[in-house]
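Asks: Take this structure, written in structure tokens, and hold onto it; I'll ask about it next.
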Amino acid sequence: MEFVEGKIAEEKVLGGGLVFPKTLIPPPPGPNDGSEVRSLVEMIRERREWLSEVLVRHSAILFRGFGVASPEEFGRVVEAFGWEEMPYFGAISRTKMATKGVYTANEAPLHQPIFFHHEMSSVKEFPSKIFFFCAQPSPQGGETSILPSHILLEKMEDLVPEFVSKLQRIGYVFQKKMPKQNETDTVICKTWRWLFQTDDEVEAQKRAKEKLGCSFVRFNEDGSAEIVYGPLNPIKEFGEKRVWFHHLVDRNEGDTAHSFGDGTPIPRSALDAYRKIVSENCVDIKWQKGDVLLVDNFCAQHGRRAGDAPRVVLVSICK
């Protein structure tokens, strides 16, 4: 059985005529076909080398119309690719295991958007692939958004070349503020004690450097903490692609702050260029129930638009 090339209205056409994401749909049903999800699993097993090549070229694949109906079925789809399963670490927002190797996506309040990022980019060992499964689309909004990071880098080098050059030369520092107690209404909602599974600040510093690769943790008198990274170069190379790997936000936006490696602020012109490029080149996936989205975590970022409940999107990550 062969996959059929599909199309979604939201897709973008990148350089060389490559669509982002590549959409694949089922072939017309034959008289002896089994269940839809079984067919998808079998098709992946038969064509996984080709699918891997498609992923490298397009950075994201949307499987639509295959009738995946449960976390267990989604798990079998992920397993069919044969990649090594990877557990979550450093998830300072809410994720819960739904079944073996399958987690809830970020459970921050749906009215709050989640900015573009590479999954676990601030952890020493981050996944190469991330799968999303829509069990229940939001009645309004709630799209998962994806962004080709090599395009982001190319356009940043075109619009603000001096900024990119300086960033590569002296790096940048970013910090995440963790609350003094676990919260229910923020994206970054877990305490440093929860993340590092210790009340001891010295041990927490040790675990932070071992697992996260951060520079240090600043413990505040009110019980909150700030995890500080850098100076870092946000540009990485994976194969033939150079990508913008670490996200960039305003110095005082939410619970994350950025500055140059020497402590000077990121110029507004660079932030405005960054946001403009992101807005013009991202794709908002308007979920349909049963959709499976495979994203190359090295080359594409993802985020979430604000939406209404109920919304159930599950994830799985692979090394």
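Asks: Less than 30 Å apart at the alpha-carbon level, and either on another chain or at least 8 residues along: which lysines does that give for Lys100?
Replies: Once the sequence-local lysines are set aside, what remains near Lys100 is Lys22, Lys124, Lys129, Lys176, Lys190, Lys206, Lys209, Lys211, Lys286, Lys289, Lys319.
Asks: Need the full-extension length gain, Leu18 to Glu183, defined as separation in residues times 0.36 nm minus the C-alpha distance. One decimal, nm. Intermediate values should be presented prior to the final figure.
Replies: Working: separation 165, 0.36 × 165 = 59.40 nm, distance 4.19 nm.
Length gained between Leu18 and Glu183: 55.2 nm.
Asks: Just the number: Rg to Rh for region 82-239, Cα atoms, Kirkwood Rh, two decimals. Don't skip to the end; give the middle numbers.
Replies: Details: Rg = 17.4 Å, Rh = 17.9 Å.
Ratio value, two decimals: 0.97.
Asks: On to the next question. Between Gln140 and Trp194, take the C-beta separation as r, use R0 = 25 Å, and let me know the FRET efficiency to the nearest 0.05.
Replies: Working: r = 32 Å, r/R0 = 1.28.
FRET efficiency, Gln140 to Trp194: 0.20.
Asks: Work out, step by step, the length gained on full extension between Asp262 and Ala306: first 0.36 nm times the residue separation, then minus their alpha carbon distance; give nm to one decimal.
Replies: Working: separation 44, 0.36 × 44 = 15.84 nm, distance 3.48 nm.
Fully extending the segment from Asp262 to Ala306 adds 12.4 nm.
Asks: Remind me, relative contact order of region 150-278 in percent, using alpha carbon pairs under 8 angstrom and six or more residues apart?
Replies: Working: 202 pairs, mean separation 42.8, N = 129.
With pairs under 8 Å counted, the relative contact order is 33 percent.
Asks: Give me the one-decimal nm value for the distance between modelled label points at Thr99 and Val202, 7 Å along each residue's Cα-to-Cβ direction.
Replies: About 4.6 nm, to one decimal.
Asks: On to the next question. Antiparallel as a % of all DSSP beta bridges within the chain, to the nearest 5? Can you show the working numbers first?
Replies: Details: 55 of 58 bridges.
Roughly 95 percent of the beta bridges in the chain run antiparallel, per DSSP.
Asks: Here's a follow-up. Please compute the modelled spin-label separation between Glu53 and Lys124, points set 7 Å along Cα→Cβ, answer in nm with one decimal.
Replies: Taking the two extended label points, one gets 3.7 nm.
Asks: Another question, if that's okay. Between Glu280 and Glu42, what's the calculated FRET efficiency when r is the beta-carbon distance and R0 is 45 Å? Round to 0.05. Please list the in-between numbers first.
Replies: On the way: r = 39 Å, r/R0 = 0.86.
Computed FRET efficiency for Glu280 and Glu42 comes out at 0.70.
Asks: Continuing with this model, one more query. Between helix 149-159 and the chain, what is the angle of the helix's C-alpha long axis to the longest principal axis, kept within 0 to 90° and rounded to the nearest 10?
Replies: 50 degrees
Asks: Now for a different question. What is the percent carbon and sulfur in the accessible area of region 143-221, measuring with a 1.4 Å probe over the protein chains and ignoring ligands?
Replies: Values: 1800 of 4160 Å².
Of the solvent-accessible surface of region 143-221, carbon and sulfur hold 43 percent.
Asks: Go ahead and set up a Gaussian network model of the chain, Cα springs under 10 Å, then flag whichever of Gly141, Gly263, Gly101 fluctuates most.
Replies: So, out of Gly141, Gly263, Gly101, the one fluctuating most is Gly263.
Asks: Obtain the nm distance between the two label points defined at Lys209 and Glu237 by a simple spin-label model: each point lies 7 Å from its Cα along the Cα-to-C-beta direction.
Replies: It works out to 2.9 nm between the two label points.
The values are calculated or read from the model by the stated rules, or taken from the named source; none is laboratory data. What you see is a predicted model, and the numbers here were worked out from it, not measured in a lab. Cβ atoms come from the backbone with ideal geometry, glycine included; neighbour counts cover every protein chain shown. Accessible surface is based on the protein model in full, side chains and every heavy atom, while ligands, DNA and RNA are left aside. Shrake-Rupley method; radii C 1.70, N 1.55, O 1.52, S 1.80 Å.
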